[in-house]
1. Just checking, how many residues over the stretch 97-120 are within 24 Å of Glu39 (Cα to Cα) and at pLDDT 80 or above?
2. Check the stretch 147-154 and report whether any residue there is in the same structural domain as Arg69 (by TED's automatic domain parsing), closer than 29 Å to Pro44 by Cβ and of a type in the set (Gly, Ala, Ser).
3. Out of the residues in the stretch 115-128 that are under 29 Å from Ala26 (Cα atoms) and not β-branched (Val, Ile, Thr), which is surrounded by the most Cβ atoms within 10 Å (Cβ to Cβ)?
4. Take the stretch 57-91 and flag every residue that is touching a helix residue (DSSP H, G or I) at 6+ places or on another chain (Cβ under 9 Å), closer than 20 Å to Gly147 by Cα and of a type in the set (A, V, I, L, M, F, W, C).
5. Tell me the residue from Glu112, Glu131 that is at negative phi and surrounded by 10 or more Cβ atoms within 10 Å (Cβ to Cβ), please.
6. If you take the residues in the stretch 90-112 that are assigned to a helix (DSSP H, G or I) and of a type in the set (A, V, I, L, M, F, W, C), which one is nearest to Pro78 (Cα to Cα)?
7. Condition first: without any contact (Cβ under 8 Å) to a residue 12 or more places away in the chain, under 36 Å from the mean Cα position of the chain (by Cα) and surrounded by 11 or more Cβ atoms within 10 Å (Cβ to Cβ). Now tell me which residues in the stretch 90-105 satisfy that.
8. How many residues does the stretch 31-67 hold that are exposed (fewer than 14 other Cβ atoms within 10 Å of the Cβ) and hydrophobic (A, V, I, L, M, F, W, C)?
Amino acid sequence: MAEQIIGSTRAFVLAKGFTQVGSHAALIGEDDTHRLFSEIYADPDRPEVRPQEGYQAILSSMQPGGTLRLLQLFWPDPEPRLEFQKQVQSWKPPDADGLDILHQGLLLAIQEYSLPFVRRTVLEFVLSGDEGKAWWDGLSGLCAGFGLRIRYLDQPAVEGLTRWVLNPNLEYRGS
């Protein structure tokens with residue numbers, strides 16, 4: 001039995017740049033395929049989110065032979081820390097030396113402490129003609145009934161994704 005590769009970051013490494021497909025940025029893979037990316041997440045206004053049914057609907061609605069990769073990533077989220085840092089910096093300067101030292105120590109700790117992580121679900125779709133583009137464009141409407149939202153990734157977001165997937169040190173480096 002021949003070995004079958006299930007998933008690989010090789011296509012990210014050997015990508016040939018970007019092209020525009022309708023309103024979407026497409027990564028041109030090593031095999032000249034156009035790869036579209038989106039993030040799928042729960043609608044915060046819908047308490048009855050049904051992701052398992054949503055994923056099933058996504059897979060069953062695809063054309064036979066289509067290629068879709070689901071990436072579960074733990075992604076650094078700097079926003080909560082940055083917001084807290086802004087609040088601490090806006091505090092009235094302390095009157096006593098001891099309090100000033102504590103304030104400066106807190107600011108230093110905020111800057112040096114590692115970032116919190118969030119789980120992100122990213123879809124990578126290999127575009128297959130006009131039918132594939134129509135399916136990709138309709139993905140947002142398909143998922144809405146299950147309480148899921150789709151955020152199509154633009155070129156900077158795809159570049160950030162590839163940097164994160166291929167960063168062997170797992171360190172966050174802002175773009």
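1. Going through the stretch 97-120 one residue at a time, the tally reaches 2.
2. yes
3. Among those that are under 29 Å from Ala26 (Cα atoms) and not β-branched (Val, Ile, Thr), it is Phe125.
4. Those that are touching a helix residue (DSSP H, G or I) at 6+ places or on another chain (Cβ under 9 Å), closer than 20 Å to Gly147 by Cα and of a type in the set (A, V, I, L, M, F, W, C): Ala57, Ile58, Met62, Leu70, Leu71.
5. Glu131
6. My answer is Ile110.
7. Result: Gln104, single match.
8. Qualifying residue count for the region: 1.
The values are calculated or read from the model by the stated rules, or taken from the named source; none is laboratory data. In this text, all values refer to a predicted model and were calculated from it rather than measured experimentally. Every residue, glycine as well, gets a Cβ built from its backbone with ideal geometry; the counts of neighbours run over all protein chains shown.
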